Amino acid sequence: MIYVAIYLLNVMDLLLTHAAVNVLQVAEEFNPLMAPIVGSWVIVPVKLGAALFVVLCLYRCRKLKLGRAAAWFILVVYILVVLNNSVVLLLETR
């Protein structure tokens with residue numbers, strides 16, 4: 001279930017980033033790897049494909065202690081990213 005949550009948080013990150021950067025233009029992309037493509041639809045398959053790849057790798061490593069720790073770490077990071085994006089959107093659209 002943690003792996004599905006990580007993927008869904010990536011989808012939410014993509015949607016919130018699109019809303020903040022492209023639609024409302026109240027923020028900038030922080031990730032230097034994604035910044036050049038954040039304005040085009042190329043970001044969708046790149047972001048979601050990379051997220052799927054990472055989730056599958058984490059799933060395959062689930063029996064290792066380090067693999068489980070990495071999954072929990074990534075989950076917490078993406079929760080914080082989505083919360084940050086949500087707060088930025090809320091504050092900037094007031």
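The values are calculated or read from the model by the stated rules, or taken from the named source; none is laboratory data. Keep in mind it's a predicted model, so treat the numbers as computed, not measured. With ideal geometry, Cβ positions are generated from the backbone for all residues, glycine too; neighbour counts draw on all protein chains shown.
Observations
- Filter result for Ala51 (surrounded by 14 or more Cβ atoms within 10 Å (Cβ to Cβ) and at pLDDT below 95): no
- Residues satisfying the stated conditions in region 38-94, i.e. among the basic types (Lys, Arg), over 12 Å from the mean Cα position of the chain (by Cα) and not in a loop (DSSP other than H, G, I, E, B): Arg60, Lys65, Arg68
- Residues being modelled with pLDDT of 90 or more and either of a type outside the set (Val, Ile, Thr) or in contact with a Ser or Thr (Cβ under 6 Å, 6 or more places away or on another chain) (or both) - total across region 67-94: 17
- Test: residue in region 36-57 that is touching a residue at least 60 places away in the same chain (Cβ under 8 Å), charged (D, E, K, R) and closer than 30 Å to Arg94 by Cβ: no
- Within region 31-48, the residues that satisfy the criterion of being loosely packed, with under 13 Cβ neighbours inside 10 Å and either polar (S, T, N, Q) or closer than 16 Å to Val82 by Cα (or both) are Asn31, Ser40.
- Number of residues in region 25-64 that are under 19 Å from Ala5 (Cα atoms) and of a type outside the set (Phe, Trp, Tyr) equals 18.
- Condition met for Leu16 (surrounded by 13 or more Cβ atoms within 10 Å (Cβ to Cβ), free of Cβ contacts under 8 Å to residues at least 40 places away in the same chain and under 11 Å from the mean Cα position of the chain (by Cα)): no
- Scan of region 1-34 for residues that are assigned to a helix (DSSP H, G or I) and aromatic (Phe, Trp, Tyr), ordered by number: Tyr3, Tyr7
- Of all residues in region 40-59, none are at positive phi and not small (Gly, Ala, Ser).
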